[in-house]
Amino acid sequence: MRRLLCLLLSCLALPVNAAPDLVLGVFASGPVERLQARYERLAVYLSEALGDAQVQLLVLTQAELDEHIALNAVDLLLTNPSHYSIIRHHNALTGALATQVVQYQGESTQAMGGVILVPADSIIESLSDLSGKRIAIPGEHFLAGYQAPVYELMQAGVALPQKAQLMVAGHHVGVIDALLAGEAEVGFVRTGVLESFIDQGLIPPNRLRVINQQRLPGYPFAVSTRLYPEWPFFALPHVDQQLIRKIVAALLALEPDHPAAVQAGIAGFVPPSDYLAVERLARTLRVPPFDALPEFTLLDAWHKYRNWLSALALLLLLFALAMLGLVMQNRRVRNSQQDLRLQRKRLQEVIRGTDIGTWEWDMRTDRLVINPRWASMLGRDPLALDPLAMQGWVALVHPEDRARFRQAMDDHVLGAADAFSCEYRLRHASGEWVWVSSSGRIAERDSLDQPLRMSGTQQDVSARYLAERQLKLAASAFTHASEGIMITDSEGLVIDVNEAFSRITGFSRAEALGQLPLFLRSDQDDEPVHQELMRALRETGEWQGEVWNRRKDGERFAEKVNISSVYDERGQRLHYIALFSDITASKLHQQELESIAHYDRLTGLPNRELLVDRMQLAMQLARQQGRLLAVACLDLDGFKLINDRHGHEVGDHLLVELAARMRQIMRPEDTLARLGGDEFILVLTGLDQVSDCLPILDDLLTLVARPVIMDILMPALTASVGVSLFSPGDDMDADQLLRYADQAMINAKQGGRNRYELFDHVQEHALQERQRALQDIRQALTEEQFCLFYQPKVNMRTGGLVGVEALIRWQHPELGMRSPAEFLPVIEGQRLGLELGEWVMHTALSQFHAWRAAGVHVPVSVNVAADQLLQADFIERLDSLLNNFPALPAGALELEILESSALDDMQHVGQVIDACHARGIMLSLDDFGTGYSSLTYLRRLPVDVLKIDQSFVRDMLDDPDDLAIVASIMGLARSFSRPVIAEGVETVEHGELLLLLGCEQAQGYGIARPMPADQVAAWIAGWQPASQWRTFFPRLLDARAQSLLFAEVELRGWLKSVEQFVSGKSPLRPQLDAGASRFGSWYLAYAEKYFRQHPALKPMKALHADIYQQASTLVALADAGQWPGAEAGMAGVSALSDTLLLRLRELLEDVATGVREAQA
């Protein structure tokens, strides 16, 4: 009550203007400070998404949250599902807004569950072991921390924990602490808590163990229970629906890498899950809000069911009277039968206790009666054997035992034996044979002493027969085994040995008995092995391995030993049994083979196998010591020439001499190895820094260069050395180190020889990334992840469709749609690039035919890379492709050659173009102006169309240099009679300027973005060019008109530089001298020359000066740091500039009109 009063006072004390717009309450499932830090950024993120509304975070216990809800002091909640079920039961909620998603080790999930933890050394193995144990829980209102585990106990039939067993820790951290402190034997927590503690290093991975662990594919956490939905995010009914929609949009847009998600330890939110499973769980466990039972009294039952209860009472009375009569009548019968049943029961108990079968043979009817045990020992149903005659019994007897069985039976029946007794085999239902022992006597005879009935018993003796057989087999194996066998008592004293033991060791049985096995020890060389042997026998009672021992004559021999223990029925050790074989010859042979396998025969140096072993040990030592390791790969320069000129004998002598020299400068802890040929490897350990290995490398180069004294004149030798380095934090193996050193050696040779070079990890990483990218692209081509988009090419003035350009896209299954700039550079120059190019051409032609079949004629252009065009079999492969599309109309296909690529063989390219023309295929020179030799290509290649690169077109509205390039390309095209298509037309103004320059064909975002094939026909039907383009009258501009165009672009460019400077986007100060500006230069150079008499000229000059004056003022404000004032003043400068641009365009129209009239 005191806490509620404080809450009310605190709410009343808040000033109106200080109250937050929304309050987000988060359930305190752990320490409040930690959760406050985790979800603080989420509140900020929601505030930013809402704009003018702020979100305040409160981390509260469940009781505090309920108090805040009652006072409408909280608006939004993020809590556990069970608490959500309680709130929803007591409030008119429409449902959750979203469900929290968690992520671990790259796997995301929107489900949670309970985890049942015990200490790693606990004897608790399953749910049934939890009865009576002390259990730590965060609280009874925790879904995953209490209710889900309790439900699993209920389903397993385990008694639910009592209040006295439960230790309420308040949160999950407290549960872990209780387990670690030994205050609890079991702990219930939610999924993810154990992994969080381990990842933060708060507990070692093997400190706690999960029981009843569920194997759920794709679920990233250890879990012991069924899964339930993760925490819901919901709003109380009083929150405005407009705000709720914004909140839902922000939650669902939260990316896993957003700081708010990272700080909260979540992967975002998804549409709300179904929480009915949580409600059903609460109903089953009768926990809030379903813990109250309905009140229903006996009086209520009487009023509701009076007639039924009366009828039922009458029926019960009649039934009781009838039963009383039956009881009295049957009592006498029961009393008389009770003694008989008691006797029969005692007999059955005796038979059942002895586990024997019984049989009774009526010799008059030849019918056998057996009990269930007689049939069950044969794996059979008694009913299936009924009726059973003596012939049927004999049929079950093993053929080898039937004569003996009949003889025993006949002996007793004929009086030759007092009783029937026989051990034999019967067929089991599985087909196997069961040894049984049967015995019986004649139980009844007639007046003539003839047998009438015979009864007896039958017992399964298979286990005894098997034991006897195994005993005989074991005795035979012990005596005749080729391995030595030694048996000791529990104290280790020898009690028996076999003949093989004496043959191998030379000690007789008498000499071995009573001794400890230590009498075979050879020396102290194998002391660690013997210590391990004794430890294993003490702990596990078993050991196997190899040891060196001593024969009676003193000779050492190697033996492979397997020692096991024999226990009695109480688990007490009785004996040790050791089986061993003499492996001395194989061990000596193995040592010889190891020497051959691990050392180079010529130099005696370690070979690759031994080198890798030593490198692995050296790398492990480097990690332990925190020091560097260097691997140097040395290869002689020109050694092959010496071998070829002087023979292999001289070469071998040289290698031996150099190996001996290198040994002299090696430190004891280093390794020198030969991999073959003239390649040596040095492993340098214990380095503190890279420079520590450089003196040794210098010595190596000097040592190799020293002359070798031989009978023949030897040329001076040099070596190339590549070095790779290993630091303690590197994740690589010995093979990688060797590959890196070999690569660095190759680089040293290519760099001039007689030098050493360190491996470049950055370059290697780039190569690996490129290789992975190539593999991904090849897989994408195989799995048909590529598709084509099509961008229309049009005549801007007439509106006619020129064609479409096929543009490749990659529909990546994880990264979404990827542009060609992200993957085409990777395959440039690769065979994969040629395959992808052919796929594009085939797909584009298929689409052309599909459009044609639909009545739409759309020529298609395809980009062709230089390396594809330069292939010797390009035309053959093109013909093979065209054969799949017969009757291809001329002009249906256009190949766009990338002018930015180097076309080395101009003659071959020209022949390819001619061949394409012969097949009705057009060719265009793409990206014209960006390449290696634009004029050469234009002059020597018979292409049909030039395409102006979009980089020039895009910026020509305010960049005079780009405008000049576009105008120059148009002039070249007219000179060479080539049509032109401009790329990069993004606005109507781009199109107007191109039309003024004489370029009517274009493509770009201002016309249409690239689109899927199924959208092209609809776009063609609805396409209309801009009205400014349709009304344009074609004409060629003279020098005066072109000067006006350049003046207009110059002014736009200058205005853009002023805007960027005063807004702080560019540090470059604009030109502020009106006379020295490009517009001023135009005015002096062209205006006075061409337009002296025009009435608009003088006002334009004054207007230009006014613009520069105002711009100078704004730049001064920006220099003084008054950015707001400078940016506000740009509106006036822009308005004046628009007026001046309008005057220039009117002047241009007057000039263009005169040109048009003159041309007419």
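The values are calculated or read from the model by the stated rules, or taken from the named source; none is laboratory data. Since the model is a prediction, treat every value here as computed from it, not as a measurement. All Cβ positions, even for glycine, are placed from backbone atoms using ideal geometry, and neighbour counts span all protein chains on display.
Mind checking which pairs have a first residue in the range 855-872 that is within 20 Å of Ile827 (Cβ to Cβ) and a second that is of a type in the set (S, T, N, Q), Cβ under 7 Å, 6 or more apart or different chains?
Pairs found: Ala865/Ser901; Ala866/Ser901.
If only one of Ile203, Ile247, Ile176, Ile211 is in contact (Cβ under 8 Å) with a residue 24 or more places away in the chain, buried (at least 18 other Cβ atoms within 10 Å of the Cβ) and farther than 30 Å from Ala96 by Cα, which one is it?
Ile176
Looking only at the range 151-168, filter to residues that are aliphatic (A, V, I, L, M) and over 14 Å from Gly187 (Cα atoms); which one of those is surrounded by the fewest Cβ atoms within 10 Å (Cβ to Cβ)?
Among residues in the range 151-168 that are aliphatic (A, V, I, L, M) and over 14 Å from Gly187 (Cα atoms), the one surrounded by the fewest Cβ atoms within 10 Å (Cβ to Cβ) is Ala164.
Across the range 597-613, which residue is surrounded by the fewest Cβ atoms within 10 Å (Cβ to Cβ) among those that are more than 19 Å from Ala630 (Cβ to Cβ), touching a residue at least 24 places away in the same chain (Cβ under 8 Å) and touching a helix residue (DSSP H, G or I) at 6+ places or on another chain (Cβ under 7 Å)?
Taking the candidates together, the pick is Leu602.
Could you tell me whether Ser861 is surrounded by 21 or more Cβ atoms within 10 Å (Cβ to Cβ), in the same structural domain as Ile827 (by TED's automatic domain parsing) and not acidic (Asp, Glu)?
In short, yes.
Let's see how each residue does on (1) outside the structural domain of Leu738 (by TED's automatic domain parsing); (2) among the hydrophobic types (A, V, I, L, M, F, W, C); (3) part of a loop (DSSP other than H, G, I, E, B):
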residue: Ala632; (1), (2), (3): no, yes, no
residue: Lys640; (1), (2), (3): no, no, no
residue: Asp644; (1), (2), (3): no, no, no
residue: Glu657; (1), (2), (3): no, no, no
residue: Phe680; (1), (2), (3): no, yes, no
residue: Ser691; (1), (2), (3): no, no, no
residue: Val708; (1), (2), (3): no, yes, yes
residue: Pro715; (1), (2), (3): no, no, yes
residue: Ala719; (1), (2), (3): no, yes, no
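Would you say Ala660 is surrounded by fewer than 15 Cβ atoms within 10 Å (Cβ to Cβ), modelled with pLDDT under 90 and aliphatic (A, V, I, L, M)?
no
Okay, residues lined up against (1) of a type in the set (A, V, I, L, M, F, W, C); (2) surrounded by fewer than 16 Cβ atoms within 10 Å (Cβ to Cβ); (3) assigned to a helix (DSSP H, G or I):
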position: Arg373; (1), (2), (3): no, no, yes
position: Arg380; (1), (2), (3): no, no, no
position: Glu400; (1), (2), (3): no, yes, no
position: His412; (1), (2), (3): no, no, yes
position: Asp418; (1), (2), (3): no, yes, no
position: Ser430; (1), (2), (3): no, yes, no
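Consider Leu368 against the criteria (1) surrounded by 16 or more Cβ atoms within 10 Å (Cβ to Cβ); (2) under 30 Å from Ala467 (Cα atoms); (3) modelled with pLDDT of 85 or more: it satisfies all of them except one. Which criterion is unmet?
All conditions pass for Leu368, except number (2).
Is it fair to say Val840 is part of a strand (DSSP E or B), crowded, with 16+ Cβ neighbours inside 10 Å and either over 37 Å from the mean Cα position of the chain (by Cα) or in the same structural domain as Ala1017 (by TED's automatic domain parsing) (or both)?
Criteria not met by Val840.
Does Leu994 satisfy the condition of being touching a strand residue (DSSP E or B) at 6+ places or on another chain (Cβ under 6 Å), in contact (Cβ under 8 Å) with a residue 24 or more places away in the chain and part of a helix (DSSP H, G or I)?
yes
Got a sec? Which of Ala467, Ala500, Ala510 is without any contact (Cβ under 8 Å) to a residue 12 or more places away in the chain, closer than 30 Å to Ile583 by Cβ and outside any loop (DSSP other than H, G, I, E, B)?
Ala510
Looking only at strands (runs of 3 or more DSSP E) that lie completely in the range 79-152, which have at least 2 residues being out of contact with any helix residue (DSSP H, G or I) (no Cβ under 7 Å at 6 or more places or on another chain)?
Strands (runs of 3 or more DSSP E) meeting the threshold: 98-104, 107-109.
Can you work out which of the residues in the range 936-956 that are in contact with a Gly (Cβ under 8 Å, 6 or more places away or on another chain) and not aliphatic (A, V, I, L, M) is modelled with the lowest pLDDT?
For the range 936-956, the residue satisfying everything is Tyr937.
Scan the range 760-769 and tell me whether some residue there is touching a Phe, Trp or Tyr at 6+ places or on another chain (Cβ under 6 Å) and among the hydrophobic types (A, V, I, L, M, F, W, C).
There is no residue in the range 760-769 that is touching a Phe, Trp or Tyr at 6+ places or on another chain (Cβ under 6 Å) and among the hydrophobic types (A, V, I, L, M, F, W, C).
Mind checking whether some residue in the range 221-238 is surrounded by fewer than 18 Cβ atoms within 10 Å (Cβ to Cβ), at positive phi and modelled with pLDDT under 95?
no
May I ask you to list pairs of residues, at least six apart or on different chains, whose Cβ atoms are under 8 Å apart, with the first in the range 1010-1021 being in the same structural domain as Pro792 (by TED's automatic domain parsing) and on the phi > 0 side of the Ramachandran plot and the second being of a type outside the set (A, V, I, L, M, F, W, C) and surrounded by fewer than 16 Cβ atoms within 10 Å (Cβ to Cβ)?
That search, which allows pairs on different chains as well, returns nothing.
Is it true that some residue in the range 554-564 is part of a loop (DSSP other than H, G, I, E, B), in contact (Cβ under 8 Å) with a residue 40 or more places away in the chain and within 16 Å of Ser522 (Cβ to Cβ)?
Checked against the condition, which is being part of a loop (DSSP other than H, G, I, E, B), in contact (Cβ under 8 Å) with a residue 40 or more places away in the chain and within 16 Å of Ser522 (Cβ to Cβ), the range 554-564 yields no hits at all.
Among the numbered conditions (1) modelled with pLDDT of 85 or more; (2) surrounded by fewer than 16 Cβ atoms within 10 Å (Cβ to Cβ); (3) more than 30 Å from Arg402 (Cα to Cα); (4) touching a strand residue (DSSP E or B) at 6+ places or on another chain (Cβ under 8 Å), tell me where Glu491 comes up short.
(4)
Could you list, in sequence order, the residues of the range 559-580 that are more than 21 Å from Gln515 (Cβ to Cβ) and either exposed (fewer than 14 other Cβ atoms within 10 Å of the Cβ) or of a type outside the set (D, E, K, R) (or both)?
Tyr567, Asp568, Glu569, Arg570, Gly571, Gln572
Say whether the condition of being touching a Gly at 6+ places or on another chain (Cβ under 8 Å) and exposed (fewer than 14 other Cβ atoms within 10 Å of the Cβ) is met by at least one residue in the range 622-639.
yes
Out of curiosity, is Lys587 part of a helix (DSSP H, G or I), of a type in the set (D, E, K, R) and out of contact with any His (no Cβ under 6 Å at 6 or more places or on another chain)?
yes
Mind checking whether some residue in the range 441-462 is assigned to a helix (DSSP H, G or I), loosely packed, with under 11 Cβ neighbours inside 10 Å and within 60 Å of the chain's Cα centre (by Cα)?
The answer is no, given that none of the residues of the range 441-462 is assigned to a helix (DSSP H, G or I), loosely packed, with under 11 Cβ neighbours inside 10 Å and within 60 Å of the chain's Cα centre (by Cα).
Return the only residue of Glu532, Glu527 being out of contact with any Pro (no Cβ under 7 Å at 6 or more places or on another chain) and exposed (fewer than 13 other Cβ atoms within 10 Å of the Cβ).
Unique residue meeting the criteria: Glu527.
So, in the range 262-285, exactly how many residues are under 30 Å from the mean Cα position of the chain (by Cα) and closer than 20 Å to Thr94 by Cβ?
Final tally of qualifying residues: 8.
For the range 672-710, what are the residues that are in contact (Cβ under 8 Å) with a residue 60 or more places away in the chain and more than 45 Å from the chain's Cα centre (by Cα)?
Across the range 672-710, the qualifying residues are Leu700, Val704, Met710.
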